[in-house]
Amino acid sequence: MKHRIFILTGVLLILLANLAYSQVVVFDRYDSTYTYSDGHIQVSRGMRLKNIGTNPIIPGEIHFRIYSMEGRSPRGPEITGLRIYDDRNVTIESRIAQADDSTKIIFTVWSPLLPTFFKDIYMTYRVPFKPAGVLFYELDIPPEETTISIREKSTALLLPSKYHITYAPDAVVESEAGMRKVEQGSITGNLLVEYSMIPIPTKNVRGSLVFWGALIVVLSLFLVNSRIRAKRKKMPF
């Protein structure tokens, strides 16, 4: 069973009346790490907000929309442990707006950005996550939706080392500090990961298909062999 967690981030509502705003402000760097632990996912994100225009700007409010899917209905997850800060470790004012279908993280940047200047911003928070499945579990992180472009982006998922990555197309899988790390650098496409405690050595084919397919074949051969033996016992010679 597929369990999707949607963390659609970076909906930047700055100077909404000025349509040219999205053309002069970009995320020059946008690195997200999702660390799974029992019962929750810890999100850590580093962003570089850069003015690529020719005039000074004041970013103002930045909105992030987060939701998870329950069946076909979106739901706003409970966010805990939120902290947003700059490269000097100074906390940035923020708030959470909870609704039934989504949760918004909102923070403000009032300091002006001169042309070519940038501001590094860091965000951490936690969302609940309970994997669904039998022996094999799936985590689907879709690409961020933003009203401004993302120049450079990376997305990584960290899992406890007891799990094995059994499916992770278009991603790099490696071990890091006792964790399984799955990383994707593309700015398009989902980060789709299947994992299990069963060590099936595959990355581009779902391990669940290999496992259950092999199990069906073995059981079928066993039943066929049992029937053949049973028929032989009934023969009079």
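Structure summary
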| read-out | value |
| --- | --- |
| Pair list, Cβ < 9 Å and 6+ apart or interchain, from region 18-36 residues that are over 19 Å from Glu183 (Cα atoms) and surrounded by fewer than 18 Cβ atoms within 10 Å (Cβ to Cβ) to residues that are modelled with pLDDT of 90 or more and among the aliphatic types (A, V, I, L, M) | Gln23/Ile52 |
| Residue satisfying all of: in region 164-184; out of contact with any Leu (no Cβ under 8 Å at 6 or more places or on another chain) and among the hydroxyl-bearing types (Ser, Thr, Tyr); surrounded by the most Cβ atoms within 10 Å (Cβ to Cβ) among these | Thr166 |
| Hey, Arg126 buried (at least 18 other Cβ atoms within 10 Å of the Cβ), in contact with a Gly (Cβ under 7 Å, 6 or more places away or on another chain) and within 25 Å of Ile141 (Cβ to Cβ) or not | yes |
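Residues are listed down the side, and each one gets a yes or a no for (1) under 18 Å from His40 (Cα atoms); (2) at pLDDT 80 or above:
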residue	(1), (2)
Phe136	yes, yes
Ile141	yes, no
Thr155	yes, yes
Tyr167	no, yes
Ala171	no, no
Met179	yes, yes
Thr188	no, no
Ile200	no, no
Leu209	no, no
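The values are calculated or read from the model by the stated rules, or taken from the named source; none is laboratory data. Everything quoted here is computed from the prediction, not taken from an experiment. When we count neighbours, we look across all protein chains shown, and the Cβ atoms used for this are built from the backbone with ideal geometry, even at glycine.
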